[in-house]
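Asker: To start, I am sharing the structure in question, which I have written as structure tokens.
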Amino acid sequence: MYINIYRSINKYRIMKNYTVKARQRYGSNSIDLTLPASIRKKYSINHGDIFRIKASKKNEKLTLEYKLIYQNIDEDDEEQEE
């Protein structure tokens with residue numbers, strides 16, 4: 001699976017191939033995709049950030065594209081300092 005992450009202000013694009021695990025949420029039909037820590041740190045992605053997702057399928061290959069539409073600024077950094 002290839003993940004493209006766009007920041008609405010500076011428009012970074014990741015072209016590396018990362019492995020992501022889908023995890024089921026207890027008591028729900030939805031699942032979570034876990035981002036690698038290196039992506040999270042490099043692009044300052046925090047819990048509470050909101051992404052718009054676009055799914056497309058071509059030649060039996062599923063592509064999920066995420067666009068950051070709200071950033072929960074510095075919340076995780078503050079928690080680690082406590």
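Asker: Is it fair to say I14 is open to solvent by less than 70 Å² (accessible area, probe 1.4 Å), modelled with pLDDT under 80 and either in a strand (DSSP E or B) or hydroxyl-bearing (S, T, Y) (or both)?
Answerer: no
Asker: Could you tell me whether the range 58-68 includes any residue that is at pLDDT 90 or above and open to solvent by less than 50 Å² (accessible area, probe 1.4 Å)?
Answerer: Scanning the range 58-68, I find at least one residue that is at pLDDT 90 or above and open to solvent by less than 50 Å² (accessible area, probe 1.4 Å), so the answer is yes.
The values are calculated or read from the model by the stated rules, or taken from the named source; none is laboratory data. Just so it is clear, the structure is predicted and the values come from calculations on it, not from any experiment. Surface areas here come from the heavy atoms of the whole protein model, side chains and all, with no ligands, DNA or RNA. Shrake-Rupley method; radii C 1.70, N 1.55, O 1.52, S 1.80 Å.
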